[in-house]
Amino acid sequence: MKIRSAVAVSAAFLLAACGGGGQIGDSGSGDKPANKKLVLIPGITAEPFYISMQCGFQDAAKAAGYEFDTQAPAKFDAAQQTPIVTGVLASRPAAVLIAPTDDKAMAGPMKQLKDAGIKVVEVDTKLQDTSIAASSISSNNEQGGKLAAETLNKLAAGKTGSVLVLNTKAGTSTTDARAKGFEEAVKAYPNLRYIGQQYTDNEPATAASKVTATLAANPDLIGVFATNLNTGEGAATGLRNAGKTGAVSLVGFDASPKQVQDLQAGTVQALIAQDPATIGKQGVEQALAAIDGKQTKRDIETDLVAITKDDASANSKYFYKQSC
Ligand code: T6T
């Protein structure tokens, strides 16, 4: 397991602006695409986690002499991601790196890619069906949730009170695993009373209002674990609006520029950062191995690190990018 705990603990930008990519168009003959083209399909556009992943993807594709393109849905939503997959299928790239927005609903569209001879590699999120992708590259998200519970316990420093998980959307493999890891691990800390998870639909405004409503119903709230970037950004706003910044410890997942700013300002007490650029790079490596008929590695884990204000500058390499 590759988790480094530095725990003493710690936008609108279009993905296209990251550098665009090669044109996709000519398709190969028969079932085998005869081209050197890779496509990345992130979970959502204009979001620093996927922008950083795209940077790693582009650098690796360029270094290998491949053309590349990125196409992302406007929302983290299978209904919006499906037509993108269908369009990419028609362009017949050699391989597709994809972050499926739903662990079941995206299986059909992704299987169509595989059936057309296009190599499929999962980056970040994955399907329940493990027969479609040649490889899955992701953080150990369950361990990330565990790390969040450990971090929250340190921050609580023996205080007793309620703790909440703010999750994104059911069916998202990564955030579901983070919530599960947290829920299991928090049982070890009897002073932290787990009051369950609430979904935000990956909308910061929903996260903010869920935090304020939970505070009204549970005045003893002492901690929140927000399972991803948008949820964490929204939770920080909710605590600020309720005048509870600092009084309620907030542990977020991811390390967007805004999340890092909140950490440094004391609005957020800790972040569990991932390494999305490495996920993109390793995604390319696995895609190329699959294209070349070489052995691929079914599951690859990338780094996670817990960061607090105190060790933020020492961990700045984990901060996500807004552009490549
Ligand atoms: O946390 C990341 C990613 O790992 C998750 O699957 C979805 O949300 C993010 O993209 C952050 O918004």
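The values are calculated or read from the model by the stated rules, or taken from the named source; none is laboratory data. Values in this document were obtained by computation on a predicted structure and should not be read as measured data. Note: ideal-geometry Cβ built from the backbone for every residue, glycine included; neighbour counts use all protein chains shown. In case anyone asks, the SASA skips ligands and DNA or RNA and just uses the protein heavy atoms, side chains included. Shrake-Rupley method; radii C 1.70, N 1.55, O 1.52, S 1.80 Å.
Rounded to the nearest percent, how much of the accessible area of the chain (1.4 Å probe, protein heavy atoms only) is carbon and sulfur?
51
As a check on your grasp of the helix formula, calculate [θ] at 222 nm for the chain: sum -39500 (n - 2.57) over DSSP H runs of n ≥ 4, divide by the residue count, round to the nearest 500.
-12000 deg cm²/dmol
Setting aside same-chain residues fewer than 8 positions from Lys258, which lysines have a Cα under 23 Å from its Cα?
Counting by Cα, and skipping residues close in sequence, Lys258 has these lysines nearby: Lys75, Lys169, Lys210, Lys244, Lys309, Lys317, Lys321.
How much accessible area per residue does the range 166-242 have, in Å², with a 1.4 Å probe?
37
Work out, in µm²/s and without decimals, the Stokes-Einstein translational diffusion coefficient of the chain at 4 °C, 1.567 mPa s, Rh from Kirkwood over C-alpha pairs.
The estimated diffusion coefficient comes to 66 µm²/s.
In the chain, what % of DSSP beta bridges are antiparallel (nearest 5)?
Of those bridges, close to 10 percent are antiparallel.
Compute the separation of the alpha-carbon centres of the range 224-291 and the range 60-94 and state it in Å as a whole number.
25
When ligands, DNA and RNA are left out and all protein chains stay put, how many square angstrom of accessible area per residue does the range 247-294 have with a 1.4 Å probe?
29
Between Lys294 and Asp201, take the C-beta separation as r, use R0 = 30 Å, and let me know the FRET efficiency to the nearest 0.05.
0.15
Using a cut-off of under 19 Å, list every residue of the range 138-163 whose amide N is near the label point 7 Å from the Cα of Asp310 along the Cα-to-beta-carbon line.
Those under the cut-off are 147-159.
For an R0 of 41 angstrom, estimate the FRET efficiency from the Cβ-Cβ distance between Ala216 and Thr86 and round to the nearest 0.05.
0.40
Would you list which lysines come within 17 Å of Lys111, measuring only between C-alpha atoms, while excluding same-chain residues fewer than 8 positions from it?
List returned: Lys32, Lys119, Lys126.
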